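The next block holds one structure in the form of structure tokens; read it before the comments.
Nothing in this text is a laboratory measurement; each read-out follows from the coordinates by a stated rule. This one's a predicted model, so the numbers in the text were calculated from it and none came from an experiment. Because the Cβ atoms are built from the backbone with ideal geometry, glycine has one as well, and the counts that use them run over all protein chains shown.
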Amino acid sequence: MPTATWNGAVIAQASDDEVEIVENNVYFPPSAVKSEYLKPSDHTSRCPWKGLASYYTVSVDGKDNENAAWYYPQPSEKAAQIKDHIAFWRGVDVQR
């Protein structure tokens, strides 16, 4: 069962058939992510084939991990399966 943890908290957890794996990143459906650990960020980046990514800061017990989660609110057709799914990096431990 894919799980994302940071600073001792489980941030996301889903069954294998609920996640999408793209470029070796685990994309969790929004329903599998504990939104109380996410704070909106103004940061964006662009992937040549997926489109414009938006970010969240992961916040646990008063500690912030800036822009440690990203998602594609309007992905390209090639990446439609990850629309609004959330992936993690910057020290967030994601186990598959």
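Things worth noting here:
- A full extension of the chain between His43 and Ala9 corresponds to an added length of 9.9 nm, given 0.36 nm per residue minus the alpha carbon distance.
- For Lys63, the lysines whose Cα comes closer than 28 Å to its Cα, not counting residues fewer than 8 places off in the same chain, are Lys34, Lys39, Lys83.
- Estimated FRET transfer efficiency (Lys63, Asn25; beta-carbon r; R0 25 Å; 0.05): 0.65
- Region 56-96 - convex hull of the alpha-carbon atoms, volume per residue in Å³: 83
- Inter-probe distance in nm under a simple model that places probes 7 Å from Cα toward Cβ, at Ser35 and Leu52: 2.2
- Label zone at Arg96 (point 7 Å along Cα-to-Cβ), backbone N below 18 Å, region 2-37: 2-5, 12-29
- Three-way shape call for region 16-66 based on the alpha-carbon gyration tensor, with the a/c threshold at 1.5: oblate
- Within the straight-line cut-off of under 17 Å between alpha carbons, the lysines reachable from Lys78 are Lys50, sequence neighbours fewer than 8 places apart in one chain being disregarded.
- Exposed loop sites, defined as chymotrypsin sites (Phe, Trp or Tyr not before Pro) outside DSSP H, G, I, E and B with at most 15 other Cβ atoms within 10 Å, are absent from the longest region of the chain, namely 1-48.
- Sorted ascending by nearby beta carbons within 10 Å, beginning with the fewest, Val19, Val94, Val58 become Val94, Val19, Val58.
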